[in-house]
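Single-structure report; data block below.
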Amino acid sequence: MTRIATIGVYGFTVDSFLEKLTGRGVGLLLDLRQRRGVRGPEYSWANSARLQHALAEADIGYRHVKELAPTTELRQLQYREDDRHGVGKRNRIALAPEYAERYTREVLDPFDLGALAAELPGDSATALFCVERDPDACHRCLVAERLRAEHGLPVTHLRPG
């Protein structure tokens, strides 16, 4: 049966990240980032080429689904809300309501999620990947919730620790 997991970058090392994925039977990682890089040396392992290499070594497939990435305008909207509330991307715990509404309307609604769901492996879990530690602080939770609600796919949120 097809299963969905979500996972971020923050709070993981490359080893703990791969251990979490393999421990939960993830066979495919869908990268939902617009820009596939992370600033700073602590998370350089999550930059696209390095991440893909590490995943291949762990026998986990990789696919970039840029069509599900938030636009630059939407990301800027969220950053403004973060600034207004005095939080940063690395410690955000929730999405701004306007961001969630617009992401859903502008990105998620037009996307053929049914076609994507039909392509997912049935013999392993698929992880929706972005950077935020908390899934509720990231658009990946909106995608995961839609897959659960409309396609009956069970969802597990993978966190560090």
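Derivation of every value follows stated rules applied to the coordinates shown; laboratory data play no part. All figures in this text were calculated on a predicted structure; none of them were measured in a lab. Neighbour counts run over all protein chains shown; Cβ positions are idealised from the backbone, glycine included.
Quick look at the numbers
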| item | result |
| --- | --- |
| Calculated Cα extents along the principal axes in Å (choose from [x] 42, 38, 25; [y] 42, 35, 28; [z] 124, 34, 21), label | [x] |
| Distance from region 8-41 to region 95-155 (C-alpha centre basis), Å | 16 Å |
| Whole-number Å³ per residue for the convex hull built on Cα positions in region 1-75 | 100 Å³ |
| Cleavage-rule hits (trypsin sites (Lys or Arg not before Pro)) in region 93-161: DSSP loop, at most 14 neighbouring Cβ within 10 angstrom | none |
| Within region 2-90, trypsin sites (Lys or Arg not before Pro) in DSSP loop having at most 11 other beta-carbon neighbours inside 10 Å | R39 |
| Helical contribution to [θ] at 222 nm, DSSP H n ≥ 4, -39,500 (n - 2.57), averaged over the chain, rounded to 500 | -11000 deg cm²/dmol |
